[in-house]
């Protein structure tokens, strides 16, 4: 590594035309620059410069050696500039992981990043959390309780949840009037490790809370599948995604127990490390905070 440093100093001396000028550019003393040059020549076993009181000139060996040293300095500066671009403006590939149900939501949330033409998106949508390091993920969105201390999690907002069912299902099975009625209905739940029963906590209009344990008629590993089954009349389900909001708006789904509410689900942005994030990650965090912050406040 010392040899590479001396090669860079030699290239700077040639470009500056004198030891004094090169020392000024490098933030070193002329004697330190001269010492590095002597050490370089000793290591090579050849003189690279003819020194006089007025000027420096290259020897034949110096002329040949300088071309490679100058190319090395240019390559190093080019590498620094490439990193500066990554640091200062979003470019390159942004690898983002999120649950499957966030697909359409991300299309809206990340829309402000379209103005950066050198930025590419690589979206990994899976309801099972993936290994961020192994998959080279820059940023992941996760919902619910987060407890992985090996990663850095930032809470960026939350999403409302709503009990819903299809009008046809309610017409055939009746409308629940109180939370306990849900125990008599068909429940659509997520497949969870080591658990076949969902726990549901609802808050009533006077602040009272009801805790239910619901055994699902249908269980699935993907939220989108459960939502589709709910729309087709298979039972009652908790929805959170934008797709469900559209189904509520057009009447394919209707709210169940509207006087009772579920706690909102927190949304976390997760990265492998906290500091020295490239611009693509910083900008993505900014737009996601803006989106989920607005969603959390209902703006």
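The values are calculated or read from the model by the stated rules, or taken from the named source; none is laboratory data. Being a predicted model, the structure only gives us computed values, none of them experimental. Note that we place each Cβ from the backbone using ideal geometry, even for glycine, and neighbour counts take in every protein chain shown.
Computed quantities for the displayed model
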{"item": "Residue 109 being out of contact with any helix residue (DSSP H, G or I) (no Cβ under 9 Å at 6 or more places or on another chain), assigned by TED's automatic domain parsing to the domain that holds residue 273 and surrounded by 13 or more Cβ atoms within 10 Å (Cβ to Cβ)", "result": "no"}
{"item": "Within the stretch 171-289, strands (runs of 3 or more DSSP E) holding 3 or more residues that are in contact (Cβ under 8 Å) with a residue 12 or more places away in the chain and closer than 20 Å to residue 144 by Cβ", "result": "188-190, 197-203, 209-215, 237-239, 265-271"}
{"item": "Residue that is farthest from the chain's Cα centre (by Cα), among those in the stretch 146-170 that are in a loop (DSSP other than H, G, I, E, B) and touching a residue at least 24 places away in the same chain (Cβ under 8 Å)", "result": "166"}
{"item": "Test set (1) in contact with a strand residue (DSSP E or B) (Cβ under 8 Å, 6 or more places away or on another chain); (2) closer than 21 Å to residue 289 by Cβ - residue 112 fails condition number", "result": "(1)"}
{"item": "Entirely in the stretch 45-139, the strands (runs of 3 or more DSSP E) that have 3 or more residues that are at pLDDT 90 or above", "result": "92-98, 119-125"}
{"item": "Filter result (within 11 Å of the chain's Cα centre (by Cα) and surrounded by 14 or more Cβ atoms within 10 Å (Cβ to Cβ)) within the stretch 125-145", "result": "132, 137, 138, 139, 140, 141, 142"}
{"item": "Residues (in a loop (DSSP other than H, G, I, E, B) and surrounded by fewer than 14 Cβ atoms within 10 Å (Cβ to Cβ)) located in the stretch 25-44", "result": "27, 29"}
{"item": "Residue list for the stretch 221-230, restricted to those being crowded, with 18+ Cβ neighbours inside 10 Å and either within 23 Å of residue 203 (Cβ to Cβ) or touching a helix residue (DSSP H, G or I) at 6+ places or on another chain (Cβ under 6 Å) (or both)", "result": "223, 224, 226, 227, 230"}
